[in-house]
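Notes for the one structure printed next.
Readers should treat all values here as calculations from the given coordinates under stated rules, not as data from a laboratory. Note that this is a predicted model, so its numbers are computed, not measured. Glycine gets a Cβ as well: all are built from the backbone with ideal geometry, and neighbour counts include every protein chain shown.
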Amino acid sequence: QVQLVESGGGLVQPGGSLRLSCATSGFSFSLSGMSWYRQAPGKERKFVATISRSGATADYADSVKGRFTILRDNAKNTLYLQMHSLKPEDTAVYYCYKNLPNSSWGQGTQVSVSS
């Protein structure tokens, strides 16, 4: 039973920073690629970032390149998303995702960027 639990969301002003965490259990975290997705109100869920098993490689959506960093701590079975220079367009529910095989979603955490 895979479990992914996001935390760290909240309200931040434009230009601010926030770090999201995803605590995982129920699988071999170090053997799984991991990703972040987000879903804004009235929109479909979209890819944000992904990271390889070791953390050596990562890829990002064009909309967040240069501002967001995906990180993982295999010793803690935890995935992170470090977000800088936040914009109102970043407002969304952010979801942790375990890559295939045996994919799984977290419950999401709300990020609101507003002055």
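Of note:
- Local electrostatic count, Phe29, Cβ distance below 13 Å [Lys/Arg +1, Asp/Glu -1]: +3
- Taking Cβ atoms as reference points and 13 Å as the exclusive limit, the residues near Glu89 contribute a net charge of +3, counting Lys and Arg as +1 and Asp and Glu as -1.
- Taking trypsin sites (Lys or Arg not before Pro) in DSSP loop conformation with at most 12 other Cβ atoms inside 10 Å as exposed sites, the chain has its longest uninterrupted site-free stretch at 1-42.
- Residues with amide H under 5 Å from that of Thr78, placed H, sequence gap 5 or more: Asp73
- Percent of Cα pairs exceeding the 17 Å cut-off, where the set is the chain: 50
- Val5/Ser112 FRET efficiency (R0 25 Å; Cβ-Cβ; nearest 0.05): 0.80
- Once backbone amide H atoms are built at 1.01 Å from N, Asn99 has Gly33, Met34, Ser35 as its partners under 5 Å, excluding neighbours fewer than 5 places away on the same chain.
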